[in-house]
Structure formats: C-alpha cells, structure tokens
Amino acid sequence: MLVMLVLSVLALAIANPSFRNPANLLNIIQQASMVGVIACGMQLMIISGGFDLSVGATAAASGCLAAYVSLQMGIAPGMVAGLAVGLGVGVINGSLIAKVGMNPFVATFGSQAVVTGVLYALTNARPIAPLPREWRELGFFNIGGLTFSSMVFIVVVVGLHLVLRYTRFGQHIYAVGSNKVGTSRAGVKVDRVIIATYAIGGLTAGIAGVMLTSITGVGSPQAGTTWALLSIAAVVIGGTPLTGGVGGISSAVVGIFALTVLNNAMTLYSISAFWQPAFMGLGVLFAVGYEASRQKRKA
Amino acid sequence: MHQVSVASLDHSKTVTTPILEAIGLSKHYGGIHALSDADLHINPGEVVGIMGDNGAGKSTLVKILSGAQPATAGQIRISGAPQTFKTPTDARSAGIETVYQDLSLAEHLDVLSNLFLGREEVLFKFGGLSILNRRKMAIRAKELLGEIGVNVPGVNDVVGGLSGGQRQGVAIARAAGWGSQLIIMDEPTAALGLQETQHVHDIILGLKARGVAVLLVSHNMQQVLQLTDRVYVFRRGKIVCNLETANSSADEIISYITGAKG
C-alpha cells in the first residue's frame, strides 16, 4: 500500500503543478492531522483486537468542553479539560470491554451514542462561539508552513510508534490481540493492558477535538461524525487486519495519507463534492480488496 | 475405603519431601463432582503420568494445580509448605509451570517475545513505560532453547510460522526457563507427528535428567509407559490407583481406566 501511495503521489506531482506546490503538500499534512491522530490511537486498539466507534463523538465533546472552559478560565485549562474528557471516555470504554466483558462494537457504539446525546442536550447542538482569540492564534501558528496541528500529529505518530516498538506495554498490546487467554496465563494483566489501550485511544480523540477547536475557532457539537469509520478505514487501508495482533503505526499513517491525497486530488481536479464519497469508497474497496486477495493467495 | 486403598499403594521408597503434594483436592461445579478427594504427590525429578477417560477429572486437576481455578476443598503443598493458588501467577511463583494443550502462545509474536511474555527483560523505565532489552532476551532465549534442545530457525521468527513440534518446543522452553521445579504438560504430543513426538519425549527426559519433575497428562499409553516413573489413573473424578510404571503394564492401566479393576 505504501508503494501505491508513493506512486500516486509521484504521478500527481508530475501531472499537476498545483499538487506539487509545497503549500499544497503542507496542506495535505494539515488535512490529515486530525483524523490522523485518531487513526494512530485506533491503530493501537485494533492491534489489541478491538476498535472504538466513539472517537468522533468523543472528539466533538472534547472540542466543545475545551471551548466552554476556555470562555470561563482561559485556553490552557480548556485544553486540559478537553483532553481529560477523551481520556475519561477511553477509560470507560476500556473498562466496559475488559472488566464487564462487552464486545468492543457494542461498548463503543453505546458510549458514542451517550456522549453525542449528552453533548447535544447540553449545547442544544449549537456551536460554542465566539472563543478567545488565542484559539485562532494557535490554529494559525506555524513554523515554515508546518502548522500547530501538523506538529501535534507528528509528535503522536513518533510517540506511539516508539511505545509499540520498544516498550513492554507495546509488546503486551500485540500479545493481547494475538492470544488474550494465553497472555493472561503468562501472567500479563490483560485487563490493564486493554484499559490503557482504550485510554490512549480516547486521549487521541481528545487531542483531535482540541485541534479542531484551534483550527476552526469554534466548539462544534456536530463535528467528527465520520471520524471513527474514517480512522478504522485508514488503519485497514494501511494493511492492518481487524483480527488483532499485528500492524504498526505506519499502517495508520499510510492509510490516512492515502485517503487525504485522494481527497486532495479530487478537489484539485474539481470533482463534484457529491461524487467524492463514491470515489472515496471505491478507493477503500480497491485498497482493502487488493490486500485481502493477496492474503488469500498466501494462505 | 477409597482413601485407605490409595494410601496403601503409596509406598514411596525415598524420604525426600515431594515437590508437590495434593491432599484431598476436590472441585464441585454445583452438584457435579469433577474431582473428589484427590491425593497425589510428585517427587523431584520424577515423571508422573495422569491417565483416564474424558471427563475423569484430569483437566480439573490441571486447572487447580496451574492456578486457573481454585479447588473447592483440599490443600496443595509445595516442598512441604501449604500454598493457595488464586491465579496462574501464584502457581508460577511457587515453581509450577504449565504447558497447556493449546500451548497458549501468541502466534503473531516472535519466539523471543513468547519466551519472555510476562517476564520481559527491561533496559530502563521511562515514565510509566518499561523499555525492552531485546538484546539481553535474545541471548538468553538462544541459551534456553539450546539447553532444552529445541530447534527453531531463529528467535526473531514469528511463532505462527513454526511447525507444531517447534511450537510445542517453544511452549516447553518457556515453562522450563525459569528455574521451575515442576512442569505440567497437558497432552503435549496430541497434535504432533511421529518424529516430532519423539523429539518432545527427548525434551521431557532431558528435563528429568536436570531434576525437573514433570506431570504428564496423556492418552498415549506407549508414551506413558516409556516416560513415566508412576501413573495415577482417574475415573469419574477420583484417583483409582497409583502405579509404579516399571511394575505395571498397559493391560493393568487400561483395566483401571475402564473400571474393570479398582
């Protein structure tokens, strides 16, 4: 999949001058950053043998709470509150799955609905604005065109990559996804691994929510409805099966850039916004179908 | 009556303290008595067979001794000291390792990671995160596999790509690698071919030579006759006999299993 991504980026760069414009390339990183951060968290949850459907709702809630708190107390406490919501929902998801024994689909589908419902009720589903100026300043802050949210994305990618590759916790995420019972018999506290994994997943959703508020300057209750499925799609497109035990952060990164580049190219070639989801869907089917048929031939 | 008959058979010649002693172990699931009043012991370096039909209580015994399930009643003593196993970790810290019939390996992980799963060597701690010392683990893994006599292509190979015999070897090496005094093996060769089975037999005899006791749960009569010093036969949740293998025969064991005797 990485090869396909590189080839399409090269082809687009040769064929289209606007695509290879550095500003556009930085723009792609910026566009990829929010769902990209979530996809990195999703990657961990998928390696552990689960996934999280609540990340979009959690991101919206985090962004809104961050906005609300920033009106009362300033932007820094707002950010902390936003991240805490993400972490909290993640811990609840992880506990429902590990301690109560619910399956990840039901647990996170339920928490998604609860979070969305509470958020709509408290905000009347209306955006929280106007916000302190600092939000937009943060959103526009950049070093050589690399925006704040792009930098956060890079930090999350590198950080979670190191966790997966070099730490005992990372090792245990793979082991739990590969053989939960066997890993528990080997003396690993499986429940803790699962809860910590979903906590990190929730935290990445919280980070994305805060990023969204900084980019738009508004707390949006209705944001993020497609993010859970998009981030799962990114991980799968990047070559990680949903069965657990395998994969790396590179999958999430390759997948999210594949989706973003496709999106960017459709915009550059002025493909109607109504047609874009269809092409996006075809892209997903093609990428995942290619991977699936390759696995089938290998087996 | 049953108690007395078992005790009378139990004439150990040595006076060494057994590695493991189980006294009156019972397990009831509601009204079902999966295991009733089981007494058994295993001496250091002894290979002891457990035979019996399906549902005779063998698996229940394994679950209790490995710490997977608590007994309803009875006592376990390790080297004379009473122990309570609430989790597999308790059993392991008392020196009992278990090689499960399903092997309990993480198929997607490499040999090294499986050998050290739950007992990883750590380079240093960074915040709450422990950084793995893979180099140290790789050196120890190679030593360990060599000591036990397990041949795998490399310690960085994924377990899912190994043969059945190699996987069994990894699972046994994992159990044997921690100074354990007793290894419980649940049907270690049920899924293996002839040559691989022979190899596992060699590994078991090698462990015995190193003074490690093995509790071998098996349906394979030839294997039990060939490897064990003693055999306990289970029937309907009870131990019906404790035989010295050298003074017994397949016919006698079978007659206890089927109920023609005992």
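The values are calculated or read from the model by the stated rules, or taken from the named source; none is laboratory data. Quick caveat, the model's predicted, so the values are computed rather than measured. Using ideal geometry, Cβ is built from the backbone for each residue, glycine included, and neighbour counts are taken over all protein chains shown.
Overview of values
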{"item": "Test: residue in the stretch A:140-158 that is away from every other protein chain (no Cβ under 12 Å), in contact (Cβ under 8 Å) with a residue 12 or more places away in the chain and part of a loop (DSSP other than H, G, I, E, B)", "result": "yes"}
{"item": "Residue tally, condition outside any helix (DSSP H, G or I) and not aromatic (Phe, Trp, Tyr), over the stretch A:35-88", "result": "7"}
{"item": "Enumerated helices (runs of 4 or more DSSP H) restricted to the stretch A:208-299, each holding at least 1 residues that are touching a Pro at 6+ places or on another chain (Cβ under 8 Å) and more than 14 Å from A:Gly36 (Cβ to Cβ)", "result": "A:276-298"}
{"item": "Any hit, the stretch A:124-131, residues being touching a Ser or Thr at 6+ places or on another chain (Cβ under 7 Å) and crowded, with 24+ Cβ neighbours inside 10 Å", "result": "no"}
{"item": "Selected residue (criterion: farthest from B:Gly177 (Cα to Cα)) from residues of the stretch B:100-122 that are touching a Lys or Arg at 6+ places or on another chain (Cβ under 8 Å) and without any contact (Cβ under 8 Å) to a residue 24 or more places away in the chain", "result": "B:Val122"}
{"item": "Selected residue (criterion: nearest to B:Val150 (Cα to Cα)) from residues of the stretch B:101-118 that are facing chain A (nearest Cβ under 7 Å) and part of a loop (DSSP other than H, G, I, E, B)", "result": "B:Leu105"}
{"item": "Residue check for B:Ser130: away from chain A (no Cβ under 14 Å) and over 16 Å from B:Ala176 (Cα atoms)", "result": "no"}
{"item": "Verdict on A:Leu10 being within 23 Å of A:Gly283 (Cβ to Cβ), of a type in the set (A, V, I, L, M) and surrounded by fewer than 24 Cβ atoms within 10 Å (Cβ to Cβ)", "result": "yes"}
{"item": "Per-region count, the stretch B:36-50, residues crowded, with 18+ Cβ neighbours inside 10 Å and part of a strand (DSSP E or B)", "result": "10"}
{"item": "Test: residue in the stretch B:52-64 that is closer than 29 Å to A:Ile47 by Cα and in a loop (DSSP other than H, G, I, E, B)", "result": "no"}
{"item": "Candidates B:Ile204, B:Ile172, B:Ile184 - the one that is under 16 Å from B:Arg140 (Cα atoms) and touching a strand residue (DSSP E or B) at 6+ places or on another chain (Cβ under 6 Å)", "result": "B:Ile172"}
{"item": "Scan of the stretch B:134-162 for residues that are at the interface with chain A (Cβ under 10 Å from one of its Cβ atoms) and of a type outside the set (Lys, Arg), ordered by number", "result": "B:Val158, B:Val159, B:Gly160"}
{"item": "Hits in the stretch A:166-184 - residues which are facing chain B (nearest Cβ under 9 Å) and closer than 27 Å to A:Ile29 by Cβ", "result": "A:Tyr166, A:Thr167, A:Gly170"}
{"item": "Among the residues listed as A:Gly201, A:Gly238, A:Gly224, A:Gly187, the single one being farther than 25 Å from A:Pro77 by Cα and more than 14 Å from every other protein chain (Cβ to nearest Cβ)", "result": "A:Gly238"}
{"item": "Residue, modelled with the lowest pLDDT, within the stretch B:161-191, restricted to residues that are closer than 14 Å to B:Val47 by Cβ and out of contact with any helix residue (DSSP H, G or I) (no Cβ under 8 Å at 6 or more places or on another chain)", "result": "B:Gln181"}
{"item": "Number of the exception - B:Ala68 against (1) touching a Leu at 6+ places or on another chain (Cβ under 9 Å); (2) within 14 Å of another protein chain (Cβ to nearest Cβ); (3) of a type in the set (Gly, Ala, Ser); (4) in a loop (DSSP other than H, G, I, E, B)", "result": "(1)"}
{"item": "Unmet criterion (only one of (1) within 14 Å of chain A (Cβ to nearest Cβ); (2) in contact with a helix residue (DSSP H, G or I) (Cβ under 9 Å, 6 or more places away or on another chain)) for B:Gly74", "result": "(1)"}
{"item": "First in the stretch B:130-156 and of a type in the set (Ser, Thr, Tyr), second anywhere and assigned to a helix (DSSP H, G or I), Cβ under 6 Å, 6 or more apart", "result": "B:Ser130/A:Arg168"}
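Every residue, every condition in (1) at pLDDT below 95; (2) under 30 Å from B:Ile184 (Cα atoms); (3) within 18 Å of the chain's Cα centre (by Cα), yes or no:
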| position | (1), (2), (3) |
| --- | --- |
| A:Ala98 | no, yes, no |
| A:Asn103 | no, no, no |
| A:Val115 | no, no, yes |
| A:Tyr120 | no, no, no |
| A:Ala125 | yes, no, no |
| A:Pro132 | yes, no, no |
| A:Ser150 | no, no, yes |
| A:Asn179 | no, yes, no |
| A:Arg185 | yes, yes, no |
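Each row is one residue, and each column tells you yes or no for (1) farther than 24 Å from B:Ala191 by Cα; (2) hydrophobic (A, V, I, L, M, F, W, C); (3) modelled with pLDDT of 95 or more.
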| site | (1), (2), (3) |
| --- | --- |
| B:Val217 | no, yes, yes |
| B:Thr228 | no, no, yes |
| B:Ser248 | yes, no, no |
| B:Ala260 | yes, yes, no |
